[in-house]
Amino acid sequence: MTGMNDLIMNALPIPILTVGPEHRIVHANAAAESFFEMSLRMMLRQKLSDFLPFGSPVTALVEDVRQRGSSVSEHRVDIGSPRLGAERIVDVSASPLGDDSDHVIVMLQERTIADKMNRQLTHRGAARSITALGALLAHEIKNPLSGIRGAAQLLEQSANEDDRLLTRLICDETDRIVKLVERMELFGEERPVERGPVNIHGVLDHVKRLAQSGFARHIRFVENYDPSLPPVLGNRDQLIQVILNLVKNAAEAVGIDAPDGEIILSTAFRTGVRLQVPGSQERVSLPIELSVTDNGPGIPPELMTDLFDPFVTTKVQGSGLGLALVAKIVGDHGGIVECEPAPRRTTFRILLPMHRADDGRGAEL
């Protein structure tokens, strides 16, 4: 390839491979080196099958292109392997290189970001629906509950011991429902929230101290922080609430009896992720990444599509509002929240906008 062609190929953000006879790699762009975590020099010594799981449909796709002499595509192909990770879903496009049927261009478009964007619409729709539900519950249920509790307390004064057990049960259940409604009221809060520069490491450290002094005192914390991370644009109290919910869920997933219970708190700076602001043409960069990972049993696959919806939970005594609240707050911040499950490991990852200085620095990434 000419020098200009190399520059063009390396400028493209998607991994591109040129596969020659016997499925040998004869060229790869910079995105492919990053995707496979291997230098071009090393890749040129490999066959396509060396990168992919046994029986991968990608190799059959290359052969199909050679036989047809035309382009072929396949969507949502899992090329996960020990090298690439447990699950890597990609769209694969393969085309013959000119009239040379022995050489095939293979392009891999990872689905992760596109799927995240689509799921955010669902999460935000669920948050909006529960906002109205929370306001309704607060108005129609909370006040009558106080009357029921008061009546039960009056009955308790003249009741015998057996009946007092019933009136106490009424009071306890009323208190429990009031607490649930108060949590739902959080979703009805529509007033503008003051946001500014927030040191996300300060938020993580604060939550870690709370956790280690209470519900997660039995769990080991690991910190993988990017010390050069710029401030995030957000509300510190709300971000504490988000991380506290995720860490509490992680601790409960690990359990109190796990001898090797671990929660990993990570931060990183990622470029190239942009999200369009609803109702406008503005596209906001989301370079601040933070994640909470636990080594609990994982999340059942059947819950993944509805995980951030209200009242969806894996806990026997759970309300299913914690992750719905996380989705609402992150959405209000203009960010993305995503769960990445794996066997014996669950990661919740959040992408947020960075704070822009008054002179505009940090606006473009």
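The values are calculated or read from the model by the stated rules, or taken from the named source; none is laboratory data. Because the structure is a prediction, the values reported are computed rather than measured. Note that we place each Cβ from the backbone using ideal geometry, even for glycine, and neighbour counts take in every protein chain shown.
Here are a few things to note about the model shown:
- Taking the listed residues 56, 34, 39, 70, the one that is under 14 Å from residue 108 (Cα atoms), surrounded by fewer than 16 Cβ atoms within 10 Å (Cβ to Cβ) and not aliphatic (A, V, I, L, M) is 34, with no other qualifying.
- Qualifying residue in the stretch 250-268 (condition: at negative phi, modelled with pLDDT of 90 or more and of a type in the set (Ser, Thr, Tyr)): yes
- None of 19, 58, 26 is farther than 19 Å from residue 91 by Cβ and in contact (Cβ under 8 Å) with a residue 12 or more places away in the chain except 26.
- Residue match in the stretch 55-72 (condition: modelled with pLDDT under 80, of a type outside the set (Val, Ile, Thr), under 27 Å from residue 345 (Cα atoms) and more than 29 Å from the chain's Cα centre (by Cα)): yes
- Residue 206 loosely packed, with under 15 Cβ neighbours inside 10 Å and out of contact with any His (no Cβ under 8 Å at 6 or more places or on another chain): no
- Residue 242 meets the conditions (1) part of a strand (DSSP E or B); (2) buried (at least 18 other Cβ atoms within 10 Å of the Cβ) in every case but one. The failed one is (1).
- For the residues 97, 84, 108, the requirement of being at pLDDT 55 or above, more than 17 Å from residue 31 (Cβ to Cβ) and buried (at least 16 other Cβ atoms within 10 Å of the Cβ) singles out 97.
Residues checked against (1) within 19 Å of the chain's Cα centre (by Cα); (2) in contact (Cβ under 8 Å) with a residue 24 or more places away in the chain:
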{"position": "213", "(1), (2)": "no, no"}
{"position": "219", "(1), (2)": "no, yes"}
{"position": "224", "(1), (2)": "yes, yes"}
{"position": "231", "(1), (2)": "no, yes"}
{"position": "243", "(1), (2)": "yes, yes"}
{"position": "252", "(1), (2)": "yes, yes"}
{"position": "269", "(1), (2)": "yes, yes"}
